[in-house]
Amino acid sequence: MIQQPEKLVNALATLLDSKPFEKISTLDLIRTAQISRTTFYRHFQDKFDFYDWAKSYLLNYFLEDNYDNETPKSFYTRYFQHFADYRSAFKSFIIEGRWQDFEQQIITSGITYYQKFLSRLPKNNVPIDVVAAYIVTAHIGVATNWLRTDDSRTPEELVEILIQLTSSVLSVYDIDFDTLFNHV
């Protein structure tokens with residue numbers, strides 16, 4: 001088990017701010033993370049193995065099923081704050097396309113959760129698969145655009161915008177956004 005994984009991911013993010021992954025050496029990672037070579041090689045074969053681990057570490061946040069007691073605002077604030085905390089790493093994974101499946105895994109996970117949320121509602125006129133896909137891909141689109149353009153809006157500002165937009169979409173089917181989350 002890796003102790004202080006944030007330290008390693010933050011080191012990668014710091015380095016990605018100044019140079020592309022191809023130019024980052026293992027020594028750069030070790031020095032920036034302030035860990036020993038022994039510690040690094042105890043967990044990783046090389047920088048590519050480390051990069052795969054970092055990808056999994058960041059992706060697992062979206063794959064967790066921990067939405068109990070969430071509100072739309074708390075959920076989306078966590079979501080965008082995670083993107084903000086590791087902005088450089090996400091730009092590398094999503095925008096620069098280092099892993100083609102990274103964004104798709106986030107989308108697939110989100111659609112699965114939204115389908116679960118929507119299927120618990122006592123409405124039978126809702127095209128659950130279409131609504132879930134629409135909401136999730138729109139949210140991912142907003143997040144990737146935010147990363148791509150270095151948009152200066154805070155996570156909290158984006159959350160307010162997404163809540164309004166998502167509420168509008170759900171209102172077409174007489175679904176209250178807060179109610180949707182209360183059925184989780």
Thr108 to Ile2: extension gain in nm, 0.36 nm per residue of separation minus the Cα-Cα distance?
35.4 nm
Lysines near Lys23 by alpha-carbon distance under 27 Å, same-chain residues fewer than 8 away left out - which ones?
Lys7, Lys47, Lys55, Lys91
If I compute Rg and Dmax of the Cα atoms in Å from the structure I just sent, which labelled value in [x] 20.8, 68; [y] 15.3, 55; [z] 18.4, 59 lines up?
[z]
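List Asp85, Asp150, Asp176 from most exposed to least, where exposure is judged by having the fewest other Cβ atoms within 10 Å.
Lowest to highest Cβ neighbour count: Asp150, Asp176, Asp85.
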Among Arg37, Arg87, rank each residue by its count of other Cβ atoms within 10 Å, from fewest to most, as a rough exposure measure.
Arg37, Arg87
Arranged from highest to lowest average of other beta-carbon atoms within 10 Å per residue, in what order do the peptides 75-82, 19-26, 160-167 appear?
75-82, 160-167, 19-26
For the range 1-142, size of Cβ-based charge dipole, Lys and Arg +1, Asp and Glu -1, in debye
240
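Each reported figure results from applying straightforward, stated rules to the coordinates on display, with no laboratory input. In this text, all values refer to a predicted model and were calculated from it rather than measured experimentally. Positions of Cβ are generated from backbone atoms using ideal geometry, with glycine treated the same way; all protein chains shown enter the neighbour counts.
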